[in-house]
Amino acid sequence: MLGVVVTATAAVAGDNSKKQFRTALSGYEEVPVLSTPGVGSFNAAVNRGETEIRYVLRYEALPTAVEQAHIHFEQQTNNGPITAFLCSNLTGAPAGTPTCPAMGGTVTRTIGAEQVGAGAAAQGIAAGEIGELIAAMRAGAT
């Protein structure tokens, strides 16, 4: 199980013009919470046209190999649907999803409309709606 650090991006509340997002990652952001030595960070920036999110995901000291990392859309106390994959080592991940470094490392990527999945469609973020994902990040709902 990846669990631990990278499946939660933690709430990063901000205003409607926020372009930069930074959060420390630990097992305390997991649902349910998990005590682990694993730590990490997620840094992201929205481009001027608000059509892309460029991110750097770093993690280390994981007790088990990473399976996947992604952005959930939900309140902090729940595991909501996945809106975008950051990396994955599982079959069935969306095309173009980078491989996660198994025990720690860095993943850098740009999320565009084509990387926003339909997982949260019932909650108002349909496939391809990058603007809705950015709004959710600004609201601290990811």
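Data overview
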item: Verdict on Thr83 being over 12 Å from the mean Cα position of the chain (by Cα), closer than 21 Å to Ala126 by Cα, modelled with pLDDT of 95 or more and surrounded by 13 or more Cβ atoms within 10 Å (Cβ to Cβ); result: no
item: Residues (surrounded by 15 or more Cβ atoms within 10 Å (Cβ to Cβ), of a type in the set (A, V, I, L, M) and over 30 Å from Thr36 (Cα atoms)) located in the stretch 100-125; result: Ile125
item: Index of the failed condition, Ile71 passing every other in (1) touching an Asp or Glu at 6+ places or on another chain (Cβ under 7 Å); (2) outside any loop (DSSP other than H, G, I, E, B); (3) not hydroxyl-bearing (Ser, Thr, Tyr); result: (1)
item: Hits in the stretch 19-55 - residues which are among the aliphatic types (A, V, I, L, M) and not in a strand (DSSP E or B); result: Val31, Val33, Leu34
item: The stretch 5-48, subset over 17 Å from Gln76 (Cα atoms) and among the β-branched types (Val, Ile, Thr), residue modelled with the lowest pLDDT; result: Thr36
item: Unique residue being touching a Ser or Thr at 6+ places or on another chain (Cβ under 7 Å), without any contact (Cβ under 8 Å) to a residue 60 or more places away in the chain and assigned to a strand (DSSP E or B) when the list is Arg58, Arg109; result: Arg58
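The values are calculated or read from the model by the stated rules, or taken from the named source; none is laboratory data. Remember, predicted model here, so these are calculated numbers, not experimental data. In this analysis, Cβ positions are derived from the backbone assuming ideal geometry, glycine residues included, and neighbour counts consider all displayed protein chains.
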